[in-house]
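The values are calculated or read from the model by the stated rules, or taken from the named source; none is laboratory data. If you're wondering where the values come from, they're calculated on a predicted model, not measured in any experiment. Ideal geometry is used to build each Cβ from the backbone, glycine not excepted, and the neighbour counts take in all protein chains shown. Accessible surface areas use protein heavy atoms only, side chains included; no ligands, DNA or RNA. Shrake-Rupley method; radii C 1.70, N 1.55, O 1.52, S 1.80 Å.
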Amino acid sequence: MISIQNQIVLITGASSGIGAACAKIFARGGAKLILAARRIDKLDRLAKELVETGLTASANQIYLLELDVRDRPKVESAVNTLPEAWKAIDILINNAGLSRGLDKLHEGNFQDWEEMIDTNVKGLLYMTRYIVPGMVNRGRGHIVNIGSIAGRETYPKGNVYCASKAAVKAISEGLKQDLLGTPVRVTQIEPGLVETEFSNVRFHGDAEKAKNVYQGLTPLTGDDVADVVYFCATRSPHVNISEILLVPTDQATATLVHRK
Ligand code: NDP
Ligand code: 8X3
C-alpha cells in the first residue's frame, strides 16, 4: 500500500455523490485536493466541511475549480493556469458525468443526447488530454475513470447513456495501451446502482421517479464507490487495477435486481 499524503488529486464532479465521497476519503488520507464542478457553491460547502470535520488539515490543502468539463478552452486554461504548487497532478479522477432521460432511441431528446456525450465522453477526453502529458513527463500518475455497468450491458431505453459509458470503457482500455511503457496507471471503475443525485438528474428533477429506482433494495452509496477508488489508488506502483465492476448485493445485472 502506498501513502496518499500530499499527493495532488483532481476530482471532476466533486460537488455531489461519488465525487464528493472521493474528496472525503482522499482528504482523510492526507491528499491535496483539486475539486472541480460547475456548482461552486456546493464545492465551497464541501471544502468547509472537510476542514471543519478535520478530514483535511487546512484549507490550503484544497483548491476549487469552477469548471464545466464540456468547455474545451476552459478545461485547457484551467489546467494550464493552475498555481505552481498545484500543477503536478498525481491522480485524475474522471468522475463528472450524468444521464439524461430514459427514452426509446427513436423518441429520444437531442439535447439530452448531446449533454451526455459532451460530458461523459468529450469532457472526460478533454481532462485526460490536458492532464496526462504532465504525468508522462513527470514519470508518475494515475487516471481513474468512472464508467458504469451500463458500459458493459445496454438496457432498454438506456441507449445513449449506455453508449457513452461503453465509450468510457474503450477510452480507458485505449489509454492503458497507449501508456504502456510509462509508470502511469489507468483504472476503470464500473458501478451498478448508486444512490446519489444521478437519478434526479436523469429524470430532470422528478424526485418521485428518482426514488423508485432504489425502491425495495439497498443501493451502493457514494462512499462504497469511493472506497474502491481509494483502494486502487493506494496499491503498490507496480500494481494496476485495470477494471472493477461493483454492484449492490441486490443487483445481479444491469436490469436484474432483487426488491423486497
Ligand atoms: P451525481 O449527479 O450525484 O454527481 C454528478 C457530478 O458530476 C456532480 O458533481 C456534477 O457537478 C458533475 N457534473 C455533471 N456535469 C458536469 C459538467 N458538465 N462539468 C463538470 N461537472 C459536471 O451522480 P453520481 O455521483 O452518481 O455520478 C458520478 C459518476 O458516476 C457519473 O459519471 C455517473 O455516470 C457515474 N455512475 C453513477 C452511477 C449511479 O448509479 N449513481 C452508477 C455508475 C456510474 P455539477 O452539477 O456541480 O457540475
Ligand atoms: C448508472 C447505473 O444502471 O442506472 O450508470 O445505468 S445505471
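Structure values in brief
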{"quantity": "Residue satisfying all of: in segment 223-260; of a type outside the set (A, V, I, L, M) and open to solvent by less than 20 Å² (accessible area, probe 1.4 Å); farthest from residue 95 (Cα to Cα) among these", "calculated": "251"}
{"quantity": "Any strands (runs of 3 or more DSSP E) falling wholly within segment 21-105 and containing at least 3 residues that are open to solvent by less than 40 Å² (accessible area, probe 1.4 Å) and touching a strand residue (DSSP E or B) at 6+ places or on another chain (Cβ under 6 Å)", "calculated": "32-37, 91-94"}
{"quantity": "Residue that is nearest to residue 251 (Cα to Cα) [pool: residues in segment 208-222 that are open to solvent by less than 90 Å² (accessible area, probe 1.4 Å) and not in a loop (DSSP other than H, G, I, E, B)]", "calculated": "220"}
{"quantity": "Criterion violated by residue 115 - all others in (1) touching a His at 6+ places or on another chain (Cβ under 6 Å); (2) within 24 Å of residue 195 (Cα to Cα) satisfied", "calculated": "(1)"}
{"quantity": "Count of residues meeting criterion [buried (at least 16 other Cβ atoms within 10 Å of the Cβ), of a type in the set (Lys, Arg) and part of a helix (DSSP H, G or I)] in segment 130-178", "calculated": "3"}
{"quantity": "Pairs, first more than 15 Å from residue 19 (Cα to Cα) in segment 45-56, second crowded, with 17+ Cβ neighbours inside 10 Å, C-beta under 7 Å, six or more apart", "calculated": "55/24; 55/27; 56/27; 56/50; 56/62"}
{"quantity": "Residue 99 being of a type in the set (Ser, Thr, Tyr), touching a Gly at 6+ places or on another chain (Cβ under 9 Å) and modelled with pLDDT of 95 or more", "calculated": "yes"}
{"quantity": "Hey, residue 124 hydrophobic (A, V, I, L, M, F, W, C), crowded, with 16+ Cβ neighbours inside 10 Å and more than 19 Å from the chain's Cα centre (by Cα) or not", "calculated": "no"}
{"quantity": "Qualifying residue in segment 194-207 (condition: open to solvent by 40 Å² or more (accessible area, probe 1.4 Å), more than 13 Å from residue 143 (Cα to Cα), away from ligand 1 (no atom under 13 Å from the Cβ) and at pLDDT 95 or above)", "calculated": "yes"}
{"quantity": "Hits in segment 180-207 - residues which are touching a Lys or Arg at 6+ places or on another chain (Cβ under 7 Å), within 27 Å of residue 234 (Cβ to Cβ) and not in a loop (DSSP other than H, G, I, E, B)", "calculated": "186, 188, 190"}
{"quantity": "Of residues in segment 9-20 being open to solvent by less than 10 Å² (accessible area, probe 1.4 Å) and not aliphatic (A, V, I, L, M), the one farthest from residue 87 (Cα to Cα)", "calculated": "19"}
{"quantity": "Residue check, residue 235 in a loop (DSSP other than H, G, I, E, B), of a type in the set (Lys, Arg) and either within 21 Å of the chain's Cα centre (by Cα) or under 26 Å from residue 15 (Cα atoms) (or both)", "calculated": "yes"}
